[in-house]
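Have a look at the structure below, then the notes.
FYI, it's all coordinate maths here, none of it is from the lab. Computed from a predicted model, the values in this text were never measured in an experiment. Glycine also receives a Cβ, built like all others from the backbone with ideal geometry; neighbour counts cover every protein chain displayed.
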Amino acid sequence: MSQPRRGVFTTLALAAVTLTAACGPRPLELPEPRPLIISSGARLSGDADQLKKVYEWVNAEIETIDLDPSFWVTASPTSTDVYPWETVEISENQDTVSVQYRRSSPDLLQVYQIYAHLQLMAARGDIAEYLPAAEGLEGFALESVIMSWISDAWLLGRASFDFAPYPKMDELIYAKDAEMLDGLILVLRGYEFPEARDAWLAERPNGEEQVKTWYRQTFGKDLDLGM
């Protein structure tokens, strides 16, 4: 398994720290977010103010992952396509968490490490320290908040730092933009959150079909449920 390495988010954060030390406090400036367009023609635009907040959070996460000696986040490349949640493994004593990412998509590394770190902190009961919006949450409500921020982290990379497209993560940012993120997670991972899925379907009897229809219209193909 590979050690955490610095990527574009951390490199820019260190540059900002160097400028601050040399010249005094300066406002954090990000590259202007560019509109995204995928092969189906679906477009998405990021909000600059929200992405600035996400950038600050992402760099705080990466600094914690790199420097906090109380835990270890490891990431290893794989030849298969994986969502961030599919390969997370937490050690029995909760001091190490591992995750895999697609070898041909290195831009995934830090985003997947952040997801793994948040899962470890949730298991340890410390999630609110790193993601205040998750305080007091558990089960699907907690996962929904985590995935919302992970989606924003990927959108930041795609819109502001020219991260290469990766279909499984692009699904998430388009789903959040369409207010379909919870539905997509429950369709893909309903077996993990059966009570939440049942409650969602009770409120939206056609919810699963709506998600599949949205997915087909957005990406020009059927949602792969791995069956």
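Results, tabulated for the structure shown:
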{"item": "The chain: Cα Rg divided by the 2.2 N^0.38 Å rule of thumb", "result": "1.03"}
{"item": "Selection from Gln119, Leu172, Gln100 lying farthest towards where the dipole of segment 97-227 points positive, charges on Cβ", "result": "Gln100"}
{"item": "Principal-axis tilt of helix 8-23 within the chain, Cα atoms, nearest 10 degrees", "result": "30 degrees"}
{"item": "Equivalent ellipsoid semi-axes - Cα gyration tensor, segment 97-220, angstrom", "result": "23, 21, 12"}
{"item": "C-alpha center-to-center spacing [segment 52-85, segment 111-168] in angstrom", "result": "9 Å"}
{"item": "Alpha-carbon Debye profile of segment 133-193, log10 I(q)/I(0) at 0.24 Å⁻¹", "result": "-1.00"}
{"item": "Three semi-axes of the equivalent ellipsoid, segment 185-227, Cα gyration tensor, whole Å, largest first", "result": "20, 13, 6"}
{"item": "Debye, to nearest 20: dipole size of the chain, +1 on Lys, Arg Cβ, -1 on Asp, Glu Cβ", "result": "820 debye"}
{"item": "About the Cα centre, charge dipole magnitude for segment 107-168 (Lys/Arg +1, Asp/Glu -1 at Cβ), debye", "result": "180 debye"}
